[in-house]
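The values are calculated or read from the model by the stated rules, or taken from the named source; none is laboratory data. All of these numbers come straight from a predicted model, not from anything done at the bench. Every residue, glycine among them, receives a Cβ derived from its backbone with ideal geometry; neighbour counts consider all protein chains shown. Side chains included, ligands, DNA and RNA excluded: accessible areas come from the protein's heavy atoms. Shrake-Rupley method; radii C 1.70, N 1.55, O 1.52, S 1.80 Å.
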Amino acid sequence: VQPAAKKQRVDVNGTAATPAAAAGGSSTIFVGNLPWSATEDDIAGLFADCGEVKGVRIATDQETGRARGFAHVEFEDAESAAKAVELNGQLDMGGRTLKVDSSTGRGGGGGATPGGRGGGSSDGTTIFVKGFDTSEGEDATRAALQEVFGECGEVVNIRLPSDRESGELKGIAYIEFGSADAKDKAGELNGSEAAGGYLKVDVNVQPRTPGSGGGFGGGRGGGFG
């Protein structure tokens with residue numbers, strides 16, 4: 001961990017500067033750009049000086065069980081979370097500079113409602129992306145997309161459909177954000193050079209069909225392959 005992190009903590013500790021997280025009453029933070037090997041204890045240890053950590057939730061892919069490269073850390077109070085947010089860009093793990101932000105706009109935890117009629121808000125924060133490089137495999141592709149689109153805001157989920165027969169990635173992705181604002185920012189990356197290619201970003205994603213377990217990898221996805 002960079003020594004600068006402790007200096008930053010001291011600066012915040014002596015002032016009333018408890019910005020976004022405290023103002024919004026959020027006691028949970030988003031931590032991105034994590035190495036895949038990061039454990040809950042590793043992550044909790046980074047923020048031990050900010051206040052009492054109640055829990056760490058490392059996001060994993062529902063299909064593969066692999067870590068997505070980000071986590072949510074819940075503190076005892078919003079003030080501790082605000083102190084942690086001040087460490088954005090000051091912490092290092094496994095050679096990666098971590099992104100720390102307040103976790104807002106997730107409501108009552110219903111961020112990942114799978115395909116139900118109540119999932120309209122989720123569909124309203126999802127984009128379709130293609131044009132990125134997939135030659136390095138799924139983990140590297142997911143990490144590259146997380147890095148690019150994590151700059152826009154909280155990335156809740158990255159889906160990388162693959163061919164049912166060969167298992168190869170189709171070269172398309174569906175990325176769900178924690179807010180419509182983050183989604184709009186992502187739309188501005190359309191045509192930009194990133195993640196090993198020139199990105200095509202479509203913010204007008206069709207809602208998932210209720211009850212279709214295949215999700216985006218089903219019949220509709222075949223049209224892109």
Query raised in the report: Taking into account only those residues within region 151-190 that are closer than 12 Å to residue 130 by Cβ and open to solvent by 50 Å² or more (accessible area, probe 1.4 Å), which is farthest from the chain's Cα centre (by Cα)?
Result: 170
**Report entry** Any pair with Cβ under 7 angstrom, 6 or more apart, that starts in region 63-87 at a residue that is closer than 30 Å to residue 167 by Cβ and ends at one that is open to solvent by less than 10 Å² (accessible area, probe 1.4 Å) and part of a loop (DSSP other than H, G, I, E, B)
**Finding:** 69/34; 70/34; 71/34
**Report entry** In region 149-186, the residues that are among the polar types (S, T, N, Q) and on the phi > 0 side of the Ramachandran plot
**Finding:** none
Query raised in the report: When you scan region 168-197, how many residues do you find that are out of contact with any helix residue (DSSP H, G or I) (no Cβ under 7 Å at 6 or more places or on another chain), outside any helix (DSSP H, G or I) and in contact (Cβ under 8 Å) with a residue 60 or more places away in the chain?
Result: 3
Requested in this report: Confirm whether residue 5 is modelled with pLDDT under 90, over 21 Å from the mean Cα position of the chain (by Cα), within 20 Å of residue 95 (Cβ to Cβ) and surrounded by 15 or more Cβ atoms within 10 Å (Cβ to Cβ).
Outcome: yes
